[in-house]
1. Where the second residue is surrounded by fewer than 17 Cβ atoms within 10 Å (Cβ to Cβ) and the first is modelled with pLDDT of 85 or more and lies in the stretch B:156-167, which pairs have Cβ atoms under 9 Å and are six or more apart or on separate chains?
2. State all residues of the stretch A:74-106 that are of a type in the set (S, T, Y) and not in a helix (DSSP H, G or I); if no residue qualifies, say none.
3. Considering the stretch A:157-176 alone, what residues qualify as being assigned to a helix (DSSP H, G or I) and closer than 18 Å to B:V123 by Cα?
4. Please go through (1) among the β-branched types (V, I, T); (2) surrounded by 24 or more Cβ atoms within 10 Å (Cβ to Cβ); (3) over 23 Å from A:I164 (Cβ atoms) for B:V121 and return the number of the only condition it doesn't satisfy.
5. From (1) free of Cβ contacts under 8 Å to residues at least 60 places away in the same chain; (2) closer than 23 Å to B:G54 by Cβ, pick out the condition that doesn't hold for A:W38.
6. Look at the stretch B:1-20 and say how many of its residues are without any contact (Cβ under 8 Å) to a residue 24 or more places away in the chain, more than 14 Å from chain A (Cβ to nearest Cβ) and either in a helix (DSSP H, G or I) or touching a helix residue (DSSP H, G or I) at 6+ places or on another chain (Cβ under 7 Å) (or both).
7. Quick check on the stretch A:75-96. Is at least one of its residues touching a Leu at 6+ places or on another chain (Cβ under 8 Å) and more than 7 Å from every other protein chain (Cβ to nearest Cβ)?
8. Given the options A:T142, A:T126, A:T111, name the one that is of a type in the set (V, I, T) and under 30 Å from B:I176 (Cβ atoms).
Amino acid sequence: MIYLQVFLAFFVPGILGYGGGPSTIPLVEYEVVSRYGWMTVSEFAEILALGNALPGPIATKMAGFIGYQQAGILGSAIGVFATVAPSMAAMILLLGILMRYRNSPRVRAMTMLIRPAIAVLLGVLTFRMFRGSYLDVGAIQTFGMAAVAFLLMVWRRVHPAYVIVGAMVYGAVVLG
Amino acid sequence: MRKNQLVQLFLAFFRVGMLGYGGGPSSIPLVHGEVVDRYRWMGSEEFGDILAIGNTLPGPIATKMAGYIGYRIAGLAGSLISVLALILPTIVLMILLLTSLSAYKDQPWVQGLSAGVVPVVCVLLADLTWQFVKRSWLDLGLLGSVVLIGASLIVISWLGVHPAIVIALLLGFALIKPGYNGSPTPEGSDEG
């Protein structure tokens, strides 16, 4: 039942990802690449790249596109619904209770304690993407491009959207 | 009046969606600019409370804010309009771009284009990984962060446990761990 799978693939990361959309990225990757096998890690990277090149929240863009790819417009709606609806409904319905706990050290502890696990998932995902790229275009292209991207984005603080568009043009011309 | 507010909610969150780069958390200041500075639907303090409440729950933060603020200003319709205005335009754009690309999937230049972005995404993810490691180190200390990172690595990568289970256990531990209730914390316990 593809609709149920799309729902679960985005519902599970949505209810576990504390600290906003970016923490849900590796959890989504686990579901759509490792668990359901809908795409390779490189295809996931491509979707993530375009998601980063466009404005707006990342998690919903990924859910909207992957849901669409797997099960059409309805799949897209289900993916987005599973991503945003549970915690939004909880926020509106449980406001009174949550208001009391909003500055609780326990809430901070929840975000704090899952960060190392998210770091591991992100690190492993980074490694697998590097390996995929290395097998695809070789070491020189992979690490050369990564070095240039690092210098531009991390050191010179160039906006990732420009670097991603630049890499697409470079890839189309040189790697094609 | 109410119709007017729905239009304003749509415009406010449409702008946030189209101008906010780098995902939900980085667009929070834009949400503040719209709902506090431009439309004056609430003060900074209430906005801060809503943000804090949003952070007690999992999942994307920007949509939670849009959903709740829309609900507070104009009920269920306001909630729906705000969330859709925030996310729908870029989802449509994403679907259009990626499906037209996959129509030319066999062209060498499309394959090159796809291969070209992977190293950039690697760098973005490596940077994000480093941010999470750094924050863990600051919050949990060197020993705490190394132990938790090492344990997570072993359990998830070598033992192959589903990451959702590991994270659910960590969240459960944070909820039942003693020490946050009884004796007041340095800042003073404000639970209950």
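1. Final answer for the pair search is B:I156/B:H162; B:H162/A:R35; B:V166/B:A151.
2. Residues of the stretch A:74-106 that are of a type in the set (S, T, Y), as a first pass: A:76, A:83, A:87, A:101, A:104.
If the condition is that a residue be of a type in the set (S, T, Y) and not in a helix (DSSP H, G or I), then A:S104 is the only one that fits.
3. Those that are assigned to a helix (DSSP H, G or I) and closer than 18 Å to B:V123 by Cα: A:P160, A:A161, A:Y162, A:V163, A:I164, A:V165, A:G166, A:A167, A:M168, A:V169, A:Y170, A:G171.
4. Against the list (1) among the β-branched types (V, I, T); (2) surrounded by 24 or more Cβ atoms within 10 Å (Cβ to Cβ); (3) over 23 Å from A:I164 (Cβ atoms), B:V121 comes up short only on (3).
5. (2)
6. Filtering the stretch B:1-20 down to residues without any contact (Cβ under 8 Å) to a residue 24 or more places away in the chain leaves B:1, B:3-4, B:7, B:15, B:19.
If we keep only those that are more than 14 Å from chain A (Cβ to nearest Cβ) too, we end up with B:1, B:3-4, B:7.
With the extra rule that they be either in a helix (DSSP H, G or I) or touching a helix residue (DSSP H, G or I) at 6+ places or on another chain (Cβ under 7 Å) (or both), the set shrinks to B:3-4, B:7.
Residues that pass the stated criteria total 3.
7. Looking for residues that are touching a Leu at 6+ places or on another chain (Cβ under 8 Å) and more than 7 Å from every other protein chain (Cβ to nearest Cβ), one finds at least one in the stretch A:75-96, hence yes.
8. Result: A:T111 is the single residue among A:T142, A:T126, A:T111 that is of a type in the set (V, I, T) and under 30 Å from B:I176 (Cβ atoms).
The values are calculated or read from the model by the stated rules, or taken from the named source; none is laboratory data. Just so it is clear, the structure is predicted and the values come from calculations on it, not from any experiment. Positions of Cβ are generated from backbone atoms using ideal geometry, with glycine treated the same way; all protein chains shown enter the neighbour counts.
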